[in-house]
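A short write-up of the structure that comes next.
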Amino acid sequence: QVQLEESGGGLVQAGGSLRLSCAPSGFSGYAFAWFRQTPGREREFLAAISWGGDIANYADSAKGRFTISKDGTNNMVYLQMNNLKPEDTAVYFCNAGILNRSGKYDYRNWWGQGTQVTVSS
């Protein structure tokens, strides 16, 4: 059985930082990605990383402030978020999918329960 479990969300002031964690289980060889969603909007892709952790791809909205990483020993996936802004307030989700050689991420319908990030101004 495959499972993704996110943690690390919370309330932070604008300009602050958070590190989100994703604990995948039951997966082998898949890439992982972070998405976020606000009420009434579609889930937004932020960043993806290959199974080996050597290839990463970012959405323009995440470049420069967010960093995705993967621990090869336990397969934990992280999203380091710096200089947070109120517009980063959302539920953040971990996903498993395919990261092709051109850098395009194709998600699969495996999602965690999400972790809430709230950035106050």
task: Enumerate the lysines that K104 could reach by cross-link, defined here as Cα to Cα under 23 Å, with residues fewer than 8 away along the same chain left out.
output: K63, K70
- prompt: What FRET efficiency comes out for the pair N82/R108, r = Cβ-Cβ distance, R0 = 22 Å, nearest 0.05?
  reply: 0.20
- line: With the 1.4 Å probe rolled over protein heavy atoms, segment 1-107 has an accessible area per residue in Å² of 52 Å²
statement: With a Förster distance of 25 angstrom and the Cβ-Cβ distance between S7 and N100, calculated FRET efficiency to the nearest 0.05 equals 0.30
Percent carbon-and-sulfur accessible area, the chain, ignoring ligands, DNA and RNA, probe 1.4 Å: 45 percent
query: Which one of L79, L11, L20 has the biggest mean-square fluctuation once the chain is modelled by GNM with Cα springs under 10 Å?
result: L11
task: Answer rounded, prolate or oblate for segment 7-78, using the Cα gyration tensor with square roots of eigenvalues a ≥ b ≥ c: rounded when a/c is under 1.5, else prolate when a/b is larger than b/c, else oblate.
output: prolate
statement: For Q116 and S28, extending 7 Å from Cα along the Cα-Cβ vector and measuring point to point gives, in nm, a value of 3.8 nm
- request: May I ask for the Rg/Rh ratio of the chain, computed from Cα atoms with Rh as the Kirkwood radius, given to two decimals?
  value: 0.94
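The values are calculated or read from the model by the stated rules, or taken from the named source; none is laboratory data. Worth saying up front: this structure is predicted, and the values here are computed from it rather than measured. No Cβ is skipped: glycine too gets one built from the backbone with ideal geometry, and neighbour counts run over all protein chains shown. The accessibility values were calculated without ligands, DNA or RNA, using every heavy atom of the protein model including side chains. Shrake-Rupley method; radii C 1.70, N 1.55, O 1.52, S 1.80 Å.
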